[in-house]
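Just below is one structure, and these are the notes that go with it.
A short reminder: the numbers here are calculations on the coordinates, not readings from a lab. All of these numbers come straight from a predicted model, not from anything done at the bench. Backbone-built Cβ (ideal geometry, glycine too); neighbour counts: all protein chains shown.
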Amino acid sequence: MSNCYVLGNRVDALTLAGAVSRVAGFIAAGTPHHVVTLNAEIAYRACREPGLQAVINRAHLVTADGAGILWAARKLGTPLPERVTGIDLIQALAAEGARRGWRFFLYGAAPGVAGEAAARLQREHPGLTVAGTCHGYLTPGEIPSLVEAIKAARPHILLVGLGAPRQEYWIAAHLEELGVPVAMGVGGSFDVLAGRVQRAPAWVQRLNLEWLYRVLREPARVKRTLALPKFMLAVLRQARERG
């Protein structure tokens with residue numbers, strides 16, 4: 001399947017299994033790679049923020065994290081095989097990593113959350129190696145020490161949970177210096193893994209209403225969802241221009 005471009009943002013046409021296979025290839029290569037999990041909100045922001053769109057389109061893998069991206073791809077005539085969310089990809093990589101001996105480093109979220117998320121991943125995937133964790137509330141002056149700590153830990157996969165697009169910019173700025181084979185932005189996944197935020201039930205996910213479930217549980221997210229109708233209108237305009 002060919003890739004598609006949603007509002008100018010590249011999205012790779014891969015299943016979850018295909019994404020894991022691609023990441024395994026990155027690790028085998030040993031050179032730095034950036035993985036982006038793209039949702040509608042960030043896609044819409046990126047179409048108006050050239051620097052962010054450049055970061056996304058330079059990434060080595062961009063997955064469809066959200067029903068909005070799948071909907072847009074269909075409207076544009078380039079359907080994608082399935083949704084590949086950040087948290088699902090983390091779980092799949094942890095399972096594969098436990099078998100292959102991959103080392104993980106978790107950076108982001110509030111103090112204590114990354115450690116709790118790492119502990120849960122290790123319980124669920126016996127044998128998984130977590131080389132280190134760090135919260136996401138560092139001052140700019142503390143970042144060089146973090147970079148050195150990550151380099152010393154030599155992880156195969158660095159998970160960065162700073163929220164989008166901050167995490168995408170951070171990875172792009174430090175990827176070559178870190179030398180990590182795979183660095184992936186994971187948004188609020190650490191909070192879910194740690195049990196501090198509950199993910200929508202499976203039936204809600206199947207109905208593509210996970211965004212509504214999150215808004216109902218976290219009303220402060222309402223402002224963020226205002227980007228969704230703007231995203232849809234922009235996609236429909238792009239589809240008409242193509243038609």
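List of remarks:
- Within the stretch 151-177, the set of residues being touching a helix residue (DSSP H, G or I) at 6+ places or on another chain (Cβ under 7 Å), surrounded by fewer than 23 Cβ atoms within 10 Å (Cβ to Cβ) and in a helix (DSSP H, G or I) comprises K151, Y169, A172, H174, E177.
- Residue in the stretch 9-36 that is nearest to Y169 (Cα to Cα), counting only those that are surrounded by 15 or more Cβ atoms within 10 Å (Cβ to Cβ) and more than 15 Å from the chain's Cα centre (by Cα): P32
- The stretch 29-52 residues that are touching a residue at least 12 places away in the same chain (Cβ under 8 Å), paired with ones that are basic (K, R) and part of a helix (DSSP H, G or I) (beta carbon under 8 Å, 6 or more apart): H34/R58; E41/R224; Y44/K230; L52/R45
- For the stretch 37-73, residues that are hydroxyl-bearing (S, T, Y) and either under 11 Å from the mean Cα position of the chain (by Cα) or outside any helix (DSSP H, G or I) (or both) total 2.
- For the stretch 54-75, a tally of residues being under 27 Å from F104 (Cα atoms) and surrounded by 19 or more Cβ atoms within 10 Å (Cβ to Cβ) returns 10.
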